[in-house]
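Trainee: Here it is: the structure, laid out below.
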Amino acid sequence: MSKAAASTNIESLLKETRVFKPAKEFAAEAHVRSMAQYKKLWTESVKNPDKFWKKQAEAELVWQKPFTRVLQWKEPFAKWFTGGRLNVSANCLDRWLDSGISNKAALIWEGEPATDGKPGEERVLTYKQLHREVSRFANVLKRNGIQKGDRIIIYLPMVPEAAIAMLACTRIGAVHSVVFGGFSAQSVADRIQDSGAKMVITADGGYRRGAVVPLKKNVDDALKLHDAAGQSLTKTIEKVIVLRRCANEVHMAEGRDVWWHRELDYVSDICAAEKMDSEAPLFILYTSGSTGKPKGILHTTAGYLLGTKLTSRYVFDLKLEDVYWCTADVGWVTGHSYIVYGPLANGATALMYEGAPNWPEPDRFWRIIQKYGVTILYTAPTAIRAFMKWGDEWPKKHDLSSLRLLGSVGEPINPEAWMWYHTVIGGGRCPIVDTWWQTETGSIMITPLPGATPTKPGTATLPFFGILPEVVDEQGKAVPKNSGGKLVVRKPWPSMLRGIWGDNERYKQTYWSEVKGSYFTGDGCRQDKDGYFWIVGRIDDVLNVAGHRIGTAEVESALVSHPNVAEAAVVGRPDELKGQALVCFVTLKTGVKATPELKNELRNHIGKEIGPVAKPDEVRFAEALPKTRSGKIMRRLLKQIASGLEVKGDTTTLEDLSVIAKLASGEE
């Protein structure tokens, strides 16, 4: 490779040769049963997308008024199923009321265990009961002045009321913006200001590892914040609805704050579903921009619902008898798409859990799977690596034989974690769907179909129906197989974001200016000889080491393949000679001693697995890595530490602040 090419194209150096074909028994019962069937459907969907999506939309969604046109595309703005009217809440709930599904569990909820060792609360809501609760709360919203198009901030713990509030908003045509319960008062205020929200729905508190998170106090603090000019950041807020969850003492501002349970006394349980335009705003979900204010990703009604419904069914091979558990928080897009909207649109049973995976002990997840007979588990590679670190003895205490399918989401899964998940959790019998998608894409984009796709540890495999991804160079031209490049999507798809709330220019610049005519994902990728897509991490996390462009995800994957390593994060620091030097932060498995010899062994291990070019300049052992409450490693902070800089920027989403203090002090 020439030096010029080396500086622009990402080099993908990791090699993985293991292939796992779908079991015949699984494929025989699956929604898509062979690669031939998948290829036929996918080819139809990209060659004649209007015909394909028209057929899907008519078959899958309940329309109050039929659409007249499938797609209006004026780059970069899409309108799907124009002229049509429908309601998301009606598609998730009302459609099941006259069927056998009406008395089936829609949501199973497991609360966090009590601090005194008593089990957590349990609740089950059938489709009929959930419909009633959503209708009642929709009437509460109307009683408190909410109209179609108004924005509402939802800042709740992982309780059924979070899903009820979301569905109630969709029922009356209000636009929800869910703020993750781990975010600070400042984050809440920023989102209120940007969205112009009229109401906040919150709780007195939420439980986290036995402690109470003071959600209502955070809202009170947010509502007092001002900008540099002394203007209120939250002047649009008229009402705050408070759920009683922890019975902790809270301040209730007269005229503004009302209790959820008291408001229910004043309303009926009948609320007609509003007829919403197919392109009506459904929700805004904020993602952190690398600089500046958070980006409000806007999703609309029909296309988003169709995307989440189809992917839920085909990717998870969802059946009516499944007990499906997505472990994400509803504050993230995974919770929106794969706890609430996708499963309920299919009449499925979804499980919600309030607490942490290792509270009160590291077998919490396995206990829940055994208790409810969970059949499908969808979780993050970060969580899987944590389970590996805690040891096989925890899952082995429990009967996990109910599981029939495993999924991963959130970041590339390294082969070592994939194999552990497959053998220890899946007992070698469960297919793994390693899914690639984003807040912006709305639904899963690249994924195996479990009854059809042969899987390889570490790759998201092939595109879903209607998705046309490509790996390109700096000029936007497709690169040869097994070369690294930028991942783009060439055609619009129904569940795509419709813009950044209030900022069309930023939308164009962020997603459509990098590669002409294509959506730029921000991810580095390569395609192997079979056409499988291997995500090598964010382009921002690609390092230029002595003219080589190396994806940090691959180096991390190589580190975690060492038997003593539980977790790793790799960042770059400036280097006069090489441009950037590789710094590895490593958490060791329980009982393994941190020694200079082990540091050297790890450096050599990377050299052997990937090549001498990827040998790190520095290996630093860490008791723990800085993570958000959703489990993502905050590499931005590690970059500052590696470069010897003061740690700056928002740390409000950190799970444990002491982790940063220890790393910054150089403690090992």
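Laboratory data are not the source of any read-out in this text; all were calculated from the coordinates shown. Just so you know, these numbers come straight off a predicted model, no measurement behind them. Quick reminder, even Gly has a Cβ in these numbers, built from the backbone with ideal geometry, and neighbours come from all protein chains shown.
Trainee: Based on Cβ point charges of +1 for Lys and Arg and -1 for Asp and Glu, what charge dipole magnitude is obtained for the chain about its Cα centre, in debye rounded to the nearest 20?
Mentor: 1580
Trainee: Follow-up. Ranked by Cβ crowding within 10 angstrom, fewest neighbours first, how are Trp80, Trp259 ordered?
Mentor: Trp259, Trp80
Trainee: Going by Cα centres, segment 236-254 and segment 420-476 are how many Å apart?
Mentor: Taking the Cα centre of each part, segment 236-254 and segment 420-476 sit 42 Å apart.
Trainee: Would you compute, from DSSP H runs of 4+ residues alone, the mean residue ellipticity of the chain at 222 nm, taking -39500 (n - 2.57) per run and dividing by the full residue count, rounded to the nearest 500?
Mentor: About -8000 deg cm²/dmol.
Trainee: Can you give the % of DSSP beta bridges in segment 201-326 that are antiparallel, to the nearest 5?
Mentor: Bridges in segment 201-326 that DSSP calls antiparallel: roughly 60 percent.
Trainee: Give a quick list of trypsin sites (Lys or Arg not before Pro) in segment 431-540 that DSSP marks as loop, anything other than H, G, I, E or B, with at most 16 other Cβ atoms within 10 Å.
Mentor: Lys477, Lys481, Arg490, Lys516, Lys529
Trainee: Now for a different question. Which one, Met276, Gly255, Leu310, is farthest towards the positive end of the dipole of segment 245-323 when Lys and Arg carry +1 and Asp and Glu -1 on their Cβ?
Mentor: Leu310
Trainee: Would you work out which of Phe67, Tyr353, Leu125 lies farthest towards the positive end of the dipole of the chain, given +1 charges on the beta-carbon of Lys and Arg and -1 on that of Asp and Glu, about the Cα centre?
Mentor: Phe67
Trainee: If you don't mind, another one. So for the chain, averaging the separation of alpha carbon pairs under 8 Å that are six or more residues apart and normalising by length, what relative contact order in percent results?
Mentor: Computed value for the chain: 14 percent relative contact order.
Trainee: For segment 562-664, with only Lys/Arg (+1) and Asp/Glu (-1) charged at the beta-carbon, what is the dipole magnitude about the Cα centre, in debye rounded to 20? Don't skip to the answer; put the middle values down first.
Mentor: On the way: 17 positive and 13 negative charges, 31 e Å.
That gives segment 562-664 a dipole magnitude of about 160 debye.
Trainee: Taking the Cα centre as origin and putting +1 on Lys and Arg beta-carbons and -1 on Asp and Glu beta-carbons, what dipole magnitude results for segment 491-587, to the nearest 20 debye? Walk me through the intermediate numbers first.
Mentor: Values: 11 positive and 13 negative charges, 80 e Å.
Dipole magnitude for segment 491-587 comes out near 380 debye.
Trainee: Of the options Ser658, Ile641, Ala569, report the single residue whose Cα projects farthest towards the positive end of the charge dipole of segment 562-664 (beta-carbon charges: Lys, Arg +1; Asp, Glu -1).
Mentor: Checked the options; the winner is Ala569.
Trainee: Apply the a/c threshold of 1.5 to the C-alpha gyration tensor of the chain and tell me whether it is rounded, prolate or oblate. Write out the running numbers ahead of the final one.
Mentor: Values: a/c = 1.41, a/b = 1.26, b/c = 1.13.
Verdict is rounded for the chain.
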